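See below for the structure under consideration.
The values are calculated or read from the model by the stated rules, or taken from the named source; none is laboratory data. Note that this is a predicted model, so its numbers are computed, not measured. Note that we place each Cβ from the backbone using ideal geometry, even for glycine, and neighbour counts take in every protein chain shown.
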Ligand code: NAD
């Protein structure tokens, strides 16, 4: 990138959580960014300088993808998807699968105009469910996606779109790169309304408990289910590295710091300086019993893996959510 010819970048899903952070990072790097989302700009999680380009479009439509990609780009980051936490994806399977229209039409339009790189954000939800049936789960390696038995709805769409990226590279020479994100968290994302994920939901509930003086919390599941959570800054570092790096198979991008949901609650409690009575809702959506990222491949290829300690990422997330609630 030089001062006279900045890297041209398109980010779809720019009004969302990770897309918003990515646009901000790219602008800081001096890139020329076109940001696209279907939500009205006033509803985007982050706002950007007036002289940066922001457009609203429904990327399920080929015409809107063509409009978004007009002119061609050095790099495309396709992050747009109709998604949310378990509470959303378990009850909106058709809507999640319709994101296949976004993936398909973005690839078609990218091929038409020519792009340098096309990054697609897949998910750990592509992994076979029977490999995640215990809290003491073995970390998921890339090969564990096959034989395929992905998360119903959302996971199958991601797996299909991954393969489409692969075939667009092999058949048409579109330089696609795919990362499988594992549970990303941080500030400037959904923390209520139904699409929020566990870290944001727990931060919100703890903050509300402190605020109301009702020192109890409702936890989805029995609290023994395990996950790993990646701070959004690590997600951006890995995304840019993979997008700009050599060809790889779909590769894990996630933390390998495994924690029980009960442990996640304890960390947030200690950040807030409170101890809450725990009520477990075992009927609520909770997903697989255990999930962790095997980072052997990313460490071997790049000598890197996400490293922000959960406690420090959660502190920043809690402080942001707490301030948002205070401002309401
Ligand atoms: P998000 O919901 O905050 O952002 C997605 C954005 O896509 C939203 O702003 C939404 O309005 C937009 N969008 C949806 N449908 C669209 C359409 N038809 N046209 C244009 N824009 C549309 O989600 P996120 O957490 O930022 O996730 C970004 C990407 O990363 C998604 O592809 C998601 O599947 C993937 N991912 C995220 C996580 C995670 O933990 N956050 C984990 C695995 C994969």
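Being within 12 Å of the ligand (Cβ to nearest atom) and touching a strand residue (DSSP E or B) at 6+ places or on another chain (Cβ under 8 Å) is true of residue 185. If you go through the stretch 100-122 and keep only what is within 13 Å of the ligand (Cβ to nearest atom) and either outside any helix (DSSP H, G or I) or surrounded by 20 or more Cβ atoms within 10 Å (Cβ to Cβ) (or both), you end up with 102, 103, 105, 106, 109, 119, 120, 121, 122.
Looking only at residues in the stretch 165-182 that are more than 9 Å from the ligand (Cβ to nearest atom) and surrounded by 19 or more Cβ atoms within 10 Å (Cβ to Cβ), the one that is nearest to the chain's Cα centre (by Cα) is 178.
Taken over the stretch 123-139, the criterion of being surrounded by fewer than 21 Cβ atoms within 10 Å (Cβ to Cβ) and in a helix (DSSP H, G or I) is satisfied by 129, 130, 131. In summary, residue 68 fulfils each of the numbered conditions (1) within 9 Å of the ligand (Cβ to nearest atom); (2) within 17 Å of the chain's Cα centre (by Cα); (3) not in a loop (DSSP other than H, G, I, E, B) with the single exception of condition (2). Answer yes or no: is there a residue in the stretch 209-221 that is in contact with a strand residue (DSSP E or B) (Cβ under 9 Å, 6 or more places away or on another chain) and assigned to a helix (DSSP H, G or I). Yes, that holds for at least one residue.
With the condition kept exactly as written, say whether any residue in the stretch 13-34 is modelled with pLDDT under 95 and either in a loop (DSSP other than H, G, I, E, B) or within 13 Å of the ligand (Cβ to nearest atom) (or both). No - not one qualifying residue is present in the stretch 13-34.
Just wondering, is there one or more residues in the stretch 42-49 that are touching a residue at least 40 places away in the same chain (Cβ under 8 Å) and crowded, with 22+ Cβ neighbours inside 10 Å? The answer is no, given that none of the residues of the stretch 42-49 is touching a residue at least 40 places away in the same chain (Cβ under 8 Å) and crowded, with 22+ Cβ neighbours inside 10 Å. The listed residues are 133, 82, and the only one of them that is more than 30 Å from residue 246 (Cβ to Cβ), assigned by TED's automatic domain parsing to the domain that holds residue 15 and without any contact (Cβ under 8 Å) to a residue 60 or more places away in the chain turns out to be 82. Of the strands (runs of 3 or more DSSP E) entirely within the stretch 227-322, those holding at least 2 residues that are surrounded by fewer than 20 Cβ atoms within 10 Å (Cβ to Cβ) occupy 258-260, 277-281.
Confirm whether residue 161 is buried (at least 20 other Cβ atoms within 10 Å of the Cβ) and either more than 10 Å from the ligand (Cβ to nearest atom) or in a loop (DSSP other than H, G, I, E, B) (or both). No: the conditions fail for residue 161.
Mind checking whether some residue in the stretch 129-147 is within 12 Å of the ligand (Cβ to nearest atom) and at negative phi? For the stretch 129-147, residues within 12 Å of the ligand (Cβ to nearest atom) and at negative phi: absent. Criterion applied to 42, 94 was being in the same structural domain as residue 180 (by TED's automatic domain parsing) and either under 22 Å from residue 158 (Cα atoms) or away from the ligand (no atom under 14 Å from the Cβ) (or both), and the one residue passing it is 94.
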